[in-house]
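What follows is a short report on a single structure.
The values are calculated or read from the model by the stated rules, or taken from the named source; none is laboratory data. Here the structure is a predicted model, which means the values were calculated and not measured. Don't worry about glycine lacking a Cβ; one is built from the backbone with ideal geometry, like all the others, and counts go over all protein chains shown. For accessibility, only protein heavy atoms count, side chains too; no ligands or nucleic acids. Shrake-Rupley method; radii C 1.70, N 1.55, O 1.52, S 1.80 Å.
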Amino acid sequence: MTQTTRRAALAGGLLLLATPAPRAQPGPVAGRLAPALGLAAETPGLRSLIIAQHGMPVLERVFRGAALDRPTNIKSASKTILAMLAGIAIERGVLEGLNQPVAPILGNRIPRDADPAVRRITLGNLLSMQAGLEPTSGANYGRWVSSRDWVAFALGRPMVDEPDGRMLYSTGTSHILAAVLARASRHSVRDLAQDWLFRPLGHGVPDWTRDPQGLHFGGNEMALSPQALLDFGECCRNGGRHEGRQVIPEAFLRQAWVSRARSAWSGQMYGLGWWIAEARGQRVLFAWGYGGQMLYLLPALGLTVVMTSDADVPRVRGQVQTRHALLVEGILPAFTEGA
């Protein structure tokens, strides 16, 4: 086992188990981040790293790839963005709330032969990956994205659990959520992301992949620059506020950061579009995209960490654990241990 793999395995465990919280250290920490930079250089496929404390970047580095202001594919970290759009939609009265059944909104998008239990799926079930539908991720992903109607395919999957049951991670479930948002608002998901979220943060959102019906891919393929992802993370860390403006409802963020289900695949807890864990005694909230597109929030330390990576890589075991290792073994000691 290589040193990097051992570190990754250790960090994966630390993100699941609480440990005594060390005392946070005030003052400059940039000089103590040399080990983090060394570990970052060893991290396969890592393209950029931004570390900010209390809104001030203490490290910004491009290792390979485009500049920090250039959009990059954030893969399934898009699901966290989509979830926040749902929270804004509730605040604006476009959607009623987490307990709202989505079938009346979807209407004729639901296949005639869909399981009757589909009509009991709520907005909250979509956000927490507890819809009960057989996942379209994994073995079913290729058939799903090759289908003529992605929404109908996802809604037509067999029910393998009851709504509000176990977590079944599925990009198809997120795509159903995108359909709900688009239908309820009568705007494209890209327009919602631009107008409700990223224009207030000072960033643009490029167009991205659409399904055969023209619906933007819900929960995948969105492109944001590392700086835009940092500003989004800072907004969330600050209770949904940016430069004095309430962009994301604070009450919804509090709901999103409550653990609702556990992934059978990773063992991590999941809220509403956010993964929830602990590392070195610190609460960690994170968005996670294939290949290592990561946004970490550590509220008690005032930390926001962005990592972007090569998205066009084969799936390998331990991919995300190398990013956890960079956070836990490389970055956190600079903020929690004595100089």
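Here is how the numbers come out for the structure above:
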{"item": "C-alpha center-to-center spacing [segment 41-67, segment 197-249] in angstrom", "result": "19"}
{"item": "Contact order relative to length of the chain, as percent, for alpha carbon pairs under 8 angstrom and 6 or more apart", "result": "30"}
{"item": "Accessible area per residue, Å², segment 128-274 with all protein chains present, probe 1.4 Å", "result": "39"}
{"item": "Alpha carbon centroid spacing (whole Å) that separates segment 151-185 from segment 250-310", "result": "21"}
{"item": "Carbon + sulfur, % of accessible area of segment 134-198 - ligands and nucleic acids excluded, 1.4 Å", "result": "45"}
{"item": "Whole-percent pair-distance distribution, where bins are 10 Å wide, for the alpha carbons of segment 26-75", "result": "21, 50, 26, 2"}
{"item": "Helical mean residue ellipticity (222 nm; -39500 (n - 2.57) per DSSP H run of 4+; nearest 500) of the chain", "result": "-8500 deg cm²/dmol"}
{"item": "Paramagnetic reach from R245 in segment 201-227 [backbone N under 16 Å; point 7 Å along Cα→Cβ]", "result": "201-205"}
{"item": "Extension gain, R70 back to A139 (0.36 nm per residue minus Cα-Cα distance, nm)", "result": "21.6 nm"}
{"item": "Whole-Å distance, taken between Cα centres, linking segment 80-125 and segment 312-339", "result": "35"}
{"item": "Extended-chain gain in nm, criterion 0.36 nm per residue less alpha-carbon gap, S146 and R92", "result": "16.0 nm"}
{"item": "Debye, to nearest 20: dipole size of the chain, +1 on Lys, Arg Cβ, -1 on Asp, Glu Cβ", "result": "260"}
{"item": "E96 accessible area, 1.4 Å probe, all protein chains in place, Å² to nearest 10", "result": "150"}
